[in-house]
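Here is the structure we will look at, set down as structure tokens.
The values are calculated or read from the model by the stated rules, or taken from the named source; none is laboratory data. This is a predicted model, so every value here is computed, not measured. Positions of Cβ are backbone-derived with ideal geometry, glycine not excepted, and every protein chain shown enters the neighbour counts.
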Amino acid sequence: MSLSVSVSVSVKRSAMIKLLFIFLVLFPATLLAQVPKQFVLFDVEFTYTKYDADNSSPSKSHYYVKGDRLNSQRPTDWTTPVDYRHGTVHIRLEVLEKPAGGYPTTWTLCYIPNEGRGNGYGCTNTGLFTQEGVYETDISMTDFWENESIVWSKGIKQMDLVIKDDSGGQGHAHRRKDPEHFFPTKVRVTMVQVATGETYDPGLLPEAPGDF
């Protein structure tokens, strides 16, 4: 009788260990499968005037995307369990209105982190454009200016969008002697973060700005 009970307990214990092993192996994998491999960081549409550029604070020629303008479901840690830090960012710029003349323009897009090092932030850009239309590009998250100055495991709290000419880093449009070639303008800017090894899915583009 005691032998039978002992064998029964041993069998149950063995079954429980197997179930626990299966749980520990499969449950994290199930959770990981539910984490999105790409997400919309923000999607904003706005009109920007010379007055806006002169009076943006704390920095001129800046348009600030923060609070509920950023996707509230963005991850805190961009390195794990899904690695967005070494992935790509898909930038979609839709220029809805632009002054005539074909003057080269760009928007610098700066990641403002919860925690930084060195410079304290990093910036990519839309590339130059001269007329209305849609411009899209994929940029490596390890290639843009000062990307290593961000502690990616702590997340992003804000994005600064800066309108510039084609003269380089200090070419803020509000400084131009011919601002009429840059203002007013109306744009829609969307940034989609894509994990390493993944390819941008255009189906993620919201139907309406901010509808993510």
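So here's what we get for this one:
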item	result
Enumeration of residues in region 155-200 that are more than 17 Å from L128 (Cα to Cα) and within 14 Å of the chain's Cα centre (by Cα)	G155, I156, K157, Q158, M159, D160, V192, Q193, V194, A195, T196, Y200
Any hit, region 92-114, residues being touching a helix residue (DSSP H, G or I) at 6+ places or on another chain (Cβ under 8 Å), assigned to a strand (DSSP E or B) and polar (S, T, N, Q)	yes
Residue match in region 110-120 (condition: out of contact with any Gly (no Cβ under 9 Å at 6 or more places or on another chain) and aromatic (F, W, Y))	no
Any hit, region 156-172, residues being among the basic types (K, R), surrounded by fewer than 18 Cβ atoms within 10 Å (Cβ to Cβ), on the phi < 0 side of the Ramachandran plot and outside any strand (DSSP E or B)	no
Answer from T106, T47 - the residue that is under 25 Å from H174 (Cβ atoms) and surrounded by 14 or more Cβ atoms within 10 Å (Cβ to Cβ)	T106
Whichever residue in region 173-189 is surrounded by 15 or more Cβ atoms within 10 Å (Cβ to Cβ) and touching a Pro at 6+ places or on another chain (Cβ under 8 Å) and, among such residues, is nearest to D77 (Cα to Cα)	R188
Region 59-68, residues that are within 24 Å of W152 (Cα to Cα) and either surrounded by 15 or more Cβ atoms within 10 Å (Cβ to Cβ) or free of Cβ contacts under 8 Å to residues at least 24 places away in the same chain (or both)	H62, Y63, Y64, V65, G67, D68
Evaluation of E132 against (1) touching a His at 6+ places or on another chain (Cβ under 7 Å); (2) surrounded by fewer than 19 Cβ atoms within 10 Å (Cβ to Cβ) (one fails), failing number	(1)
Answer residue from region 109-125, given it is out of contact with any Asp or Glu (no Cβ under 9 Å at 6 or more places or on another chain) and touching a residue at least 40 places away in the same chain (Cβ under 8 Å) and is surrounded by the most Cβ atoms within 10 Å (Cβ to Cβ) among those	P113
Cβ pairs under 6 Å, 6+ apart, first in region 195-212 and touching a residue at least 12 places away in the same chain (Cβ under 8 Å) and assigned by TED's automatic domain parsing to the domain that holds R85, second in a loop (DSSP other than H, G, I, E, B) and among the hydroxyl-bearing types (S, T, Y)	A195/Y84
Filtered residue count, region 144-155, keeping only those that are buried (at least 21 other Cβ atoms within 10 Å of the Cβ) and not aliphatic (A, V, I, L, M)	1
Total residues in region 125-155, condition touching a Lys or Arg at 6+ places or on another chain (Cβ under 9 Å), farther than 17 Å from T108 by Cβ and either modelled with pLDDT under 95 or assigned to a helix (DSSP H, G or I) (or both)	3
